[in-house]
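The values are calculated or read from the model by the stated rules, or taken from the named source; none is laboratory data. Nothing here was measured: the structure is a model prediction, and the numbers come from that model. Neighbour counts are summed over all protein chains in view; Cβ atoms, including those assigned to glycine, are modelled from backbone coordinates with ideal geometry. When the accessible area is computed, the model is the full protein with side chains, heavy atoms only, and any ligands, DNA or RNA have been set aside. Shrake-Rupley method; radii C 1.70, N 1.55, O 1.52, S 1.80 Å.
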Amino acid sequence: MSGARSSTFIVTKEHRRFTEFAEAVRKHRYIGLCYGPAGVGKTLSARRYAHWNLAGPVIETWKRHDPRSQAQVNAALARSRTIFHTPTVLGTLRDLRDTLDAHITRVELCIDDHLHRDVKGCRIVEYQHLVELLIFDEAERLSTTALEFLRDLFDRTRVGVILIGMPGMEKRLSRYPQLYSRIGFAHHYRPLQGDELAFVLTRHWRQLGLTLDEADFTDTQAIASIARITGGNFRLLHRLFVQIERILKINGLSVITDDVVEAARSTLVIGVT
């Protein structure tokens, strides 16, 4: 995603597990559930899998780019065959249906353009179901009628569906046996831990032009404080390091100490995730 909140994507073990999960749902055409605490990276992984940072602006606005950029979008969608969608708060069933219809049509046009990019002139286009996976973020926003609509869409088209939400989403869906019986896979997206957390922290240190040395007591103290404050939450890590960078610049420091981490923490509003 663009803007000040974006950062370099880091391929973690959890992202790889999400990719394997999405591939299974797409291949076997099941409904899959992905749940985990806020900020652990569920949305980032889903958008990455769908290439939605690249394709989303085109599909959502339907403004054609220059031929080279459009070809990149077409190729990305042909690889993923996936649509990523976040339902609006208090959105109606009609809103959902109209948006999905538009996105499916546009994505299939892009995929078809890619598959026939070497064909010259006019041709007869035979309709095919080229979209293989629908990913819905913030699935808690979906009403009962919206969930029933998705079940009907799943039954009629056999497209794979992934619902992403917070822990407890699976308990809510269990109250709808017709939908719940079609769920084939579930993926619990967990926070960063152990060596993987250390790897991500090393990347953050490097982005600040510093070197993380786990044999250095000062660095070890800072790592322990960061792990305690963030609990391995991907979003909190990014927010914390934005403040750490600010504090280092203001004070002309070149070392991340425990005091720097605590000062950065004091500027954040850290709620229950």
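Here are a few things to note about the model shown:
- Sequence-distant contacts, meaning Cα pairs under 8 Å at least 6 residues apart, place the relative contact order of the chain at 27 percent.
- Derived value for segment 181-273: Kirkwood hydrodynamic radius 14.1 Å. Basis is the mean of 1/r over every pair of different alpha-carbon atoms.
- In sequence order, calculated HN-Hα J values of segment 145-157 (Karplus, 6.51, -1.76, 1.60; Hz; x Gly/Pro): 5, 5, 5, 5, 4, 5, 4, 5, 4, 4, 5, 7, 10
- Between the amide H of HIS187 and those of LEU33, CYS34, TYR35, distances stay under 5 Å, these residues lying 5 or more places away or on another chain, with hydrogens modeled in the peptide plane.
- Calculated FRET value between ASP66 and HIS129, using beta carbons and R₀ = 35 Å, to 0.05: 0.75
- Here the label points at ASP195 and ARG182, each 7 Å from Cα along the C-beta direction, are separated by 4.1 nm in the simple model.
- Percent of C-alpha pairs per 5 Å bin, the chain, short to long: 1, 5, 11, 14, 15, 13, 11, 10, 8, 5, 3, 1, 1, 0
- Solvent accessible area, Å² - VAL159, 1.4 Å probe, full protein context: 10 Å²
- Proximal lysines to LYS120, defined as alpha-carbon separation beneath 24 angstrom and excluding residues fewer than eight positions away on the same chain: LYS63
- In terms of overall dimensions, the C-alpha atoms belonging to segment 29-123 reach 49, 29, 28 Å along their principal axes, ordered largest to smallest.
- Within segment 33-90: Cβ-based charge dipole about Cα centre, in debye rounded to nearest 20 (Lys, Arg +1; Asp, Glu -1): 140 debye
- In order along segment 131-141, the phi-based Karplus estimate (6.51 cos²θ - 1.76 cosθ + 1.60, θ = phi - 60°) of 3J(HN,Hα) comes to 7, 10, 8, 10, 10, 10, 7, 6, 5, 4, 6 Hz; Gly and Pro are listed as x.
- In order along segment 19-31, the phi-based Karplus estimate (6.51 cos²θ - 1.76 cosθ + 1.60, θ = phi - 60°) of 3J(HN,Hα) comes to 4, 5, 4, 5, 4, 5, 5, 5, 5, 8, 6, 9, 9 Hz; Gly and Pro are listed as x.
- Take the convex hull of the alpha carbons in segment 87-176; its mean projected area over all directions comes to 7.0 nm².
- Chain lengthening between ASP259 and ARG97 when straightened (0.36 nm per residue, less Cα-Cα): 53.1 nm
- Longest exposed-site-free window of the chain, the sites being GluC sites (Glu not before Pro) in a DSSP loop that have at most 11 other C-beta atoms within 10 Å: 1-125
- Close amide-amide hydrogen proximity is noted between ILE162 and GLY32, LEU134, ILE135, PHE136, each under 5 Å apart and 5 or more residues distant or on a separate chain (H modeled in the peptide plane; Pro and chain starts excluded).
- Under the convention that each Lys and Arg Cβ holds +1 and each Asp and Glu Cβ holds -1, the size of the dipole of segment 10-111 around its Cα centre is about 300 debye.
- With the charge dipole of segment 80-159 set up from +1 on Lys and Arg Cβ and -1 on Asp and Glu Cβ about the Cα centre, the Cα lying farthest toward the positive end among the listed residues THR88, SER143, PHE154 is that of PHE154.
- Check: the chain dipole with +1 on Lys, Arg Cβ and -1 on Asp, Glu Cβ, in debye: 620 debye
- For the chain, the solvent-accessible area with a 1.4 angstrom probe is 54 square angstrom per residue.
- Helix-only mean residue ellipticity at 222 nm for the chain, each DSSP H run of n ≥ 4 adding -39500 (n - 2.57), per residue, nearest 500: -17000 deg cm²/dmol
- Here segment 168-248 has 51 percent of its accessible surface on carbon and sulfur atoms, given a 1.4 Å probe and all protein chains in place.
- Cut-off 12 Å between beta-carbons: net charge of the residues surrounding GLU140, Lys and Arg +1, Asp and Glu -1: 0
- In this structure, the amide hydrogen of SER143, modeled 1.01 Å from its nitrogen in the peptide plane, lies closer than 5 angstrom to no residue at least 5 positions away or on a different chain.
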